[in-house]
Amino acid sequence: MDQKTKKMIDILPTRSKEEVTKWLKQHTHIKSVSRDGSKTYRKAIFSCKSRNHENQ
């Protein structure tokens, strides 16, 4: 969700680490990520080494 506009940015159709990582790398303006308890999402978030996702 965009914190300024309060509009949803996207809901990803997959739980694949590769696809989530790819999506994150295509959306470099994102500063924080909300996720469920999925370890796959966690791994994808932290695999984006050029990004700082302290707030997940």
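A short reminder: the numbers here are calculations on the coordinates, not readings from a lab. What you are looking at is a predicted structure, and each value in this text was computed from that prediction instead of being measured. When we count neighbours, we look across all protein chains shown, and the Cβ atoms used for this are built from the backbone with ideal geometry, even at glycine.
Of note:
- Those residues of segment 27-48 which are polar (S, T, N, Q) and assigned to a loop (DSSP other than H, G, I, E, B), in sequence order: 28, 32, 34, 38
- Pair list, Cβ under 8 Å, 6 or more apart: segment 26-40 residue without any contact (Cβ under 8 Å) to a residue 40 or more places away in the chain and surrounded by 10 or more Cβ atoms within 10 Å (Cβ to Cβ), other residue not in a loop (DSSP other than H, G, I, E, B) and not hydrophobic (A, V, I, L, M, F, W, C): 33/41; 35/41; 35/42; 40/17
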